[in-house]
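Undergrad: Okay, handing you the structure first.
The values are calculated or read from the model by the stated rules, or taken from the named source; none is laboratory data. What you are looking at is a predicted structure, and each value in this text was computed from that prediction instead of being measured. Note: ideal-geometry Cβ built from the backbone for every residue, glycine included; neighbour counts use all protein chains shown. For accessibility, only protein heavy atoms count, side chains too; no ligands or nucleic acids. Shrake-Rupley method; radii C 1.70, N 1.55, O 1.52, S 1.80 Å.
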Amino acid sequence: EHPVYSKEFLCRFCCKRRCEKLITALKAEDEIFLFATPVTEQMALNYRDVIRNPMDLQTMTERVKNDLYFNYAWVRESFELMVLNALTFNRPNTKLWNEAKRYHEICMAKVFSKFGHAAPAGRYTD
C-alpha cells in the first residue's frame with residue numbers, strides 16, 4: 001500500500017502513472033489535434049511573438065517520460081497554459097478559439113473530475 005496525503009500520491013511511480021493517465025485522456029479529447037504537437041511558424045505566423053511560453057500534449061508527454069512532473073497538479077497547470085495560449089493567440093469565436101473552449105470544458109468535466117480531482121487550479125485559470 002502506498003502512502004497517500006490529501007488524495008495525492010506521494011510515491012513517484014504512482015504520480016508518474018497518474019500523469020500518464022491524465023495526458024492520455026487529454027489526447028483522447030483533442031478531436032482535431034489542435035494541441036497534439038508544438039505550434040510551428042509554418043502553422044501560425046508570429047506565434048512565438050505572441051505566446052512566450054508554448055505548451056502542447058507532445059511536450060507534456062515528454063515531460064512525464066523525463067520525470068519532470070513531480071505532482072500531477074503540474075499536468076493541470078500545463079493543460080491550462082496550453083488552452084490559454086490557444087485562446088490568446090486565436091481570435092474569439094473563430095473555429096480554433098471555439099475548439100479550445102470546448103476542449104477546456106470537456107476536459108474539466110471528463111478528465112480532471114475523474115483522474116485529477118485533487119489537482120488544484122493552476123495559475124492560468126480564469
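Undergrad: Within the stretch 24-49, work out how many residues are among the acidic types (Asp, Glu) and either farther than 16 Å from residue 83 by Cβ or assigned to a helix (DSSP H, G or I) (or both). Steps first, please.
TA: Let us first name the residues in the stretch 24-49 that are among the acidic types (Asp, Glu), namely 29-31, 41, 49.
Next, only the ones that are either farther than 16 Å from residue 83 by Cβ or assigned to a helix (DSSP H, G or I) (or both) stay: 29, 41, 49.
Of the residues in that region, 3 qualify.
Undergrad: Within the stretch 50-96, work out how many residues are open to solvent by less than 80 Å² (accessible area, probe 1.4 Å), free of Cβ contacts under 8 Å to residues at least 24 places away in the same chain and assigned to a loop (DSSP other than H, G, I, E, B).
TA: Number satisfying all stated conditions: 2.
Undergrad: Cβ-Cβ under 6 Å, sequence separation 6+ or interchain: first residue in the stretch 99-126 and assigned to a loop (DSSP other than H, G, I, E, B), partner at pLDDT below 85. Which pairs?
TA: Listed pairs, sorted by first residue: 116/72; 118/7; 118/8; 119/72.
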